[in-house]
1. Provide a single number: the residues in the range 68-120 that are of a type in the set (A, V, I, L, M, F, W, C), free of Cβ contacts under 8 Å to residues at least 60 places away in the same chain and surrounded by 14 or more Cβ atoms within 10 Å (Cβ to Cβ).
2. I'd like to verify a number: residues in the range 121-151 that are among the aliphatic types (A, V, I, L, M) and surrounded by 15 or more Cβ atoms within 10 Å (Cβ to Cβ), how many?
3. Counting only residues that are of a type in the set (A, V, I, L, M) and not in a helix (DSSP H, G or I), how many does the range 47-68 have?
4. Could you look through the range 97-109, keep only residues that are part of a helix (DSSP H, G or I) and over 16 Å from the mean Cα position of the chain (by Cα), and pick out the one that is farthest from Thr36 (Cα to Cα)?
5. Report yes if some residue within the range 110-126 is farther than 15 Å from Arg41 by Cβ and more than 19 Å from the chain's Cα centre (by Cα); otherwise report no.
6. Which ones in the range 74-96 are among the aliphatic types (A, V, I, L, M) and over 22 Å from the mean Cα position of the chain (by Cα)?
Amino acid sequence: MRSSHARHEVEYDEEAVAPTPLTAGDVKRFPGTVQTVMDPRVYKIALACWVSLLGIFWITFWVSANALFMVVISTGYAIVFFGVPYLMSRQIVSRPIPARSLLAFMQAPFATIDGTMRGWEALLQVILVPFCLVGGGIAISFIIHAARAAH
């Protein structure tokens, strides 16, 4: 019987491998208060990216009935995916209203489960995947239109 290459036993000293505890000097502190509620405009930017991706699909696959059927299904799914949380958020009477501009949110510290970061980093984490998908959708659209034009 062959042994796995992933299994490799090594002797080690428990004390040498133990992580060193963080001290107060190791933790980066932000001055002032730290916000814990994401600015609602961040979610609107992410929604705009997803709507753009669906728009690219509608424009690209308008000529193909088979592909357009899948775009219709995706659009219905997106309406439910984004509509249900929107309707649930409308049930709250005292929704948080942003007191500052989006630029001020992006410059201020924001608390996450993993630590504190700037607001623009939180914005980037929310919109990175949808934004990259829009770029990929545009590239795919150009490739499909170029392939159609070549025939």
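What follows is calculated from the coordinates using simple rules that are stated; it is not laboratory data. Since we're looking at a predicted model, the values are computed, not measured. Glycine gets a Cβ as well: all are built from the backbone with ideal geometry, and neighbour counts include every protein chain shown.
1. Residues of the range 68-120 that are of a type in the set (A, V, I, L, M, F, W, C), as a first pass: 68-73, 78-82, 84, 87-88, 92-93, 97, 99, 102-106, 108, 110-111, 113, 117, 120.
If we keep only those that are free of Cβ contacts under 8 Å to residues at least 60 places away in the same chain too, we end up with 68-73, 78-82, 84, 87-88, 92-93, 97, 99, 103-104, 106, 113, 117, 120.
So of that shortlist, the ones also surrounded by 14 or more Cβ atoms within 10 Å (Cβ to Cβ) come out as 68, 71, 78, 82, 106, 117, 120.
Here the count works out to 7.
2. Initial filter on the range 121-151 (among the aliphatic types (A, V, I, L, M)): 122-124, 126-129, 133-134, 138-140, 143-144, 146-147, 149-150.
Keeping just the survivors that are surrounded by 15 or more Cβ atoms within 10 Å (Cβ to Cβ) gives 122-123, 126-127, 133-134, 144.
Final tally of qualifying residues: 7.
3. Pass one, the range 47-68, residues of a type in the set (A, V, I, L, M): 47-48, 51, 53-54, 56, 59, 63, 65, 67-68.
Narrowing further to those that are not in a helix (DSSP H, G or I): 63.
Matching residues across the range 47-68 total 1.
4. Taking the range 97-109 as the starting set, the residues that turn out to be part of a helix (DSSP H, G or I) are 102-107.
Restricting the remaining residues to those that are over 16 Å from the mean Cα position of the chain (by Cα) gives 102-105, 107.
Numbers: Leu102: 15, Leu103: 16, Ala104: 14, Phe105: 11, Gln107: 14 Å.
Here the residue is Leu103.
5. no
6. Residues of the range 74-96 among the aliphatic types (A, V, I, L, M): 78-80, 84, 87-88, 92-93.
The answer is Ile92, Val93.
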